Protein chains: 2
Amino acid sequence: MPFFSAITTAADCKARAGILQTDHGCIETPIFMPVGTQGAVKAIEHRELDELGVQIILGNTYHLYLRPGNDVLSSFGGLHQFNSWNKPLLTDSGGYQVFSLKDLRKITEKGVEFRSHLDGSKHIFTPENVIETQRIIGSDIMMPLDECTPYPATYDYAKKSADMTVRWAKRNKEAFDNSSPRYGHTQFLFGIGQGSTYPDLRRACMNNLVEMNFDGYSIGGLAVGESAENMYEMTDISTDCIPQNKPRYLMGVGTPENILNAIELGVDMFDCVMPTRNARNATLFTSRGKINLRNAKYKFSNDIVDPEVITYTSSFTLGYLRHLFIAQEILALQLATIHNIGFYLWLVKTARQKILDGSFRQWSKNLQQDMSKRL
Amino acid sequence: MPFFSAITTAADCKARAGILQTDHGCIETPIFMPVGTQGAVKAIEHRELDELGVQIILGNTYHLYLRPGNDVLSSFGGLHQFNSWNKPLLTDSGGYQVFSLKDLRKITEKGVEFRSHLDGSKHIFTPENVIETQRIIGSDIMMPLDECTPYPATYDYAKKSADMTVRWAKRNKEAFDNSSPRYGHTQFLFGIGQGSTYPDLRRACMNNLVEMNFDGYSIGGLAVGESAENMYEMTDISTDCIPQNKPRYLMGVGTPENILNAIELGVDMFDCVMPTRNARNATLFTSRGKINLRNAKYKFSNDIVDPEVITYTSSFTLGYLRHLFIAQEILALQLATIHNIGFYLWLVKTARQKILDGSFRQWSKNLQQDMSKRL
C-alpha cells in the first residue's frame, strides 16, 4: 500500500479525497490536524480527540527539543510512548518557531543559531540535526528545516531565501536517507515550498523539491500577513507543481473559509492553532458563523452551539457556556476546545463526503455563505 | 423510603455505611462531595465526575447568587437545568463565604450585609432569603445561614455566636417550612452546629438544632485553624448529639487522613476543595502519600500515579504528567484533577466496603500508615 492514494478528484475543481497510510493508522484526507505544540493539544484530552474523529496531531520540534528535551523523549522511546498518543503524529522542523524569535536567532548557510525563549541558552538547528531530533521524537511525518520567508519580502530576498530552502532541503533529504527510524515504525519526510508571493519563485522552489522526490509537499510561508487572494494564488500554483500521487499540506492555515477554498485548490492537509486558541478566547466556530460567548445576548440562551456539529459540548446551553467564561472556569476552555476541534473535524469530514459524492463545490459555497452571516 | 438510612454501623467504632435518597438519585455514604463553587467543578467535566463515581456535588450559594444570579438560574429552572448536572446537588447557605469577606461585611441579628467581591455592590443574606435563593437554585440538600465562628474565639464570643446561629436556624427552618420546591423535586434542609472548640457549646448548639428536627446535621466551624485533635473531639461530641437516623456532614474537611478519622467518628458526608485545588498545584494524593509532580525525580519516571486508583490519568506516566505541569499545559490540571477526585472517591467507596465487611478500623489504620510514607 502506498503512503498516499488519491481516491477521488472533483470534476469541477482540484478538490480530492485520499488516504494516508502510516504505521500508526490511516488518515482520511482532506484532514485537519490539531496543534499539540508541547506533546498535548491545549485543554483537551487524547480520548476526546479520538471521540471527535481526530486522526493525526502535530507536535512542534522546537518546543519538544527544549522541553521535555531529547534525553527524556529518547528515554521514553519517542513522543508516542511519552504522551500515550497512539495515532499518527506530524512534527514541524522547529524552523518556523526559531525564525519567529527575531532578536534571538542568526541564520547562516549552516543553519540557524538561536537562544531558548525559556532560559536564553544557545542552540543551533541545521537541516541535519532537525532530522535527528525528529528521529528521536519518532513522528510519523517529519518536516525539513526551511526558512519561512517573512512577509512582505522583496523579490531579491524571497529568491535568496527560497534558494537556501532548496539547498537545505537537499541536506534534509540526505540526512533522512542516511538515517533510520529508532522505534520500528516508518517515518516520512515532506519538502516545504517557499517563494513568498512571487509566482515564479513558488514554481521554481516547488519544482526543485519535487525533483528530490519527497514523500509529500508542504506549502510554507503563507498565512503570514499576505492577502487571502495572494494565499490562494500561491496555493493554486503550488498544488499544480506537486504530483497527483503526493499529499499536499498547507501549513498553518486557517479559518474555515480558508480551508474550504484550499481544499478546492487541491490541498489535503491542514493545521492551525485557530480552533484551540479561539476556543480559549471564548470564540466558537459554527456552521452559521462565529459566536463570541462573552456577548450578553447569550446570558439566557437555551440554544446549543451548533445543531450541525454534535459533540459533548452540545450537552450544554450557550447560557451555561457563557457563564463558565464569565466566571473564568477552566471547564469553559475545555468545552469550547471540544466544540471548535469538533467543528474543524466536521468541516473536513463533510468536505470529504461531498468530494466523494460530487457536490463539494456547491456545498462549500453555500456553507461559506451561511458562515458569513453571524459575527 | 426515608431520606437517610444507616445500613451498618461498625462494631468497634462509630463508622457507618448508609444511603441518602433524593429525587436526583441515591447517595451511598460515607461520601465525598467535590466542590463546584460556580456550578462547575474546576477543570473536570460532568461526565468525568460520573465516571469516577461522584454521586453528589456542591454549589456555593454566595457565588451562584452573584453569578450567574437568581434571574438566570430561575429562568433556566434551577441549577440542575442550567449546568446539566442531573445527579444530587448540595448548596451551602453562602454564609461561610460572606463571613470570610472580613472588611466587606457587617453582621446584625437580621442577617449579614456584604459587598460583592466582584463589583462592590451591596447585598444582605438573611436566614429567610438564603432559603429563597436555594429554592431558586433547586439544590437537593440546602444549608441554613449560620455564623461560622472564627478561630480562635473567646468562650464569650463563641457562645454569643452559637446562640445567634440557633436563633437563625429557627428562622431558616420556618422559611423552609413555609416555602415549597419550585421544580417538583424534594429539597432537604440541614442544621449547622457551631460552638468553636468548646465542648459544652458544641453540645448545646447541636442539641438545640436536633430539637428543631432538621433533615440532617452539619458540623460547621471546623478545619478553620484548630488542631486536628480539637477537630476530632468536636466531631465526636457532635455525632454523639445527632440522632442515628440523620445524616452527618463535616463541612470543609479535609485531608484523606481527616476523612478516615471522621468516618470513624460517625460522619457520613464530606466536602473539600483540597483534591481539586491541590491538583492544580501539581500535588497528587495516593495510597502511598502525596506526590509533588514538580519534583525533578519524576522527569524520567515510567510509573503511573497510583496502582490502587485506576482512572483515565493512569493512561499516563508521572514523567509525562510532570512535563505537562512544567510546560504549563491545561491538560496537566485536567489529568491531576481527575486523579485526585478519583482518589477521594476511591477512599470513601473503599471505606464503605470496609465498614460493610467489618474491617474498616484496621484498614484505615494501615492506609494512614502507608499514606504517611511519602512526601
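Taking each residue of A:312-324 in turn, how many C-beta atoms of other protein chains fall within 10 Å of its C-beta, and what is the average?
What the average comes to for A:312-324 is 4.
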Quotient of Cα radius of gyration and Kirkwood radius for the protein assembly as shown, i.e. Rg/Rh, equals 1.05
For the pair B:I310 and A:T9, the simple spin-label estimate (label points 7 Å beyond Cα toward Cβ) gives in nm 5.1 nm
The summed charge of the B:R248 Cβ neighbourhood (under 10 Å; Lys/Arg +1, Asp/Glu -1) stands at +2
Partner shielding of B:38-46, as the mean number of partner chain Cβ atoms within 10 Å, equals 6
Note: probe point = Cα of B:D303 + 7 Å toward Cβ; backbone nitrogen < 13 Å; residues of segment B:340-375 passing the test are B:371, B:373-375
The answer for the net charge of residues other than A:P2 whose Cβ lies under 11 angstrom from its Cβ, with Lys and Arg +1 and Asp and Glu -1, is 0
Within 10 Å of the Cβ of an average residue in B:70-82, the count of other chain Cβ atoms is 2
So the pair-distance distribution of segment B:248-367, from every Cα-Cα distance in 5 Å bins, comes to percents of 2, 12, 22, 22, 17, 12, 8, 5, 1, 0
Answer in debye to the nearest 20: the dipole magnitude of the protein assembly as shown about its Cα centre, from +1 Lys/Arg and -1 Asp/Glu charges placed on Cβ, is 840 debye
Inter-copy distances for B:L356, nm, shortest first, label points 7 Å along Cα→Cβ, are 4.8
Fewest-first ordering of A:Y62, A:Y155, B:Y217, B:Y183 by Cβ atoms within 10 Å yields A:Y155, B:Y183, B:Y217, A:Y62
Going fewest to most other Cβ atoms within 10 Å around each Cβ, B:D271, B:D92 line up as B:D271, B:D92
For B:K14, the net charge from surrounding residues (Cβ-Cβ under 9 Å; K, R +1; D, E -1) works out to -2
By Cβ neighbour count within 10 Å, fewest first, B:I338, B:I7 rank B:I7, B:I338
Answer in debye to the nearest 20: the dipole magnitude of segment A:279-371 about its Cα centre, from +1 Lys/Arg and -1 Asp/Glu charges placed on Cβ, is 260 debye
Given a Förster distance of 22 Å, the FRET efficiency implied by the Cβ-Cβ spacing of B:N292 and B:S372, rounded to the nearest 0.05, works out to 0.90
Counting lysine pairs in segment B:245-375 that sit 8 or more positions apart or on different chains, with Cα atoms under 29 Å apart, gives 16
If unit charges are put on Cβ atoms (+1 for Lys and Arg, -1 for Asp and Glu) and the dipole of the protein assembly as shown is taken about its Cα centre, the option from A:T108, A:C13, B:V309 lying farthest towards the positive end turns out to be A:T108
To the nearest 20 debye, segment A:4-272 has a Cα-centred charge dipole, built from +1 on Lys and Arg Cβ and -1 on Asp and Glu Cβ, of 700 debye
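Each reported figure results from applying straightforward, stated rules to the coordinates on display, with no laboratory input. All figures in this text were calculated on a predicted structure; none of them were measured in a lab. Methodologically, a virtual Cβ is constructed for each residue, glycine included, from the backbone with ideal geometry; neighbour enumeration extends over all protein chains shown.
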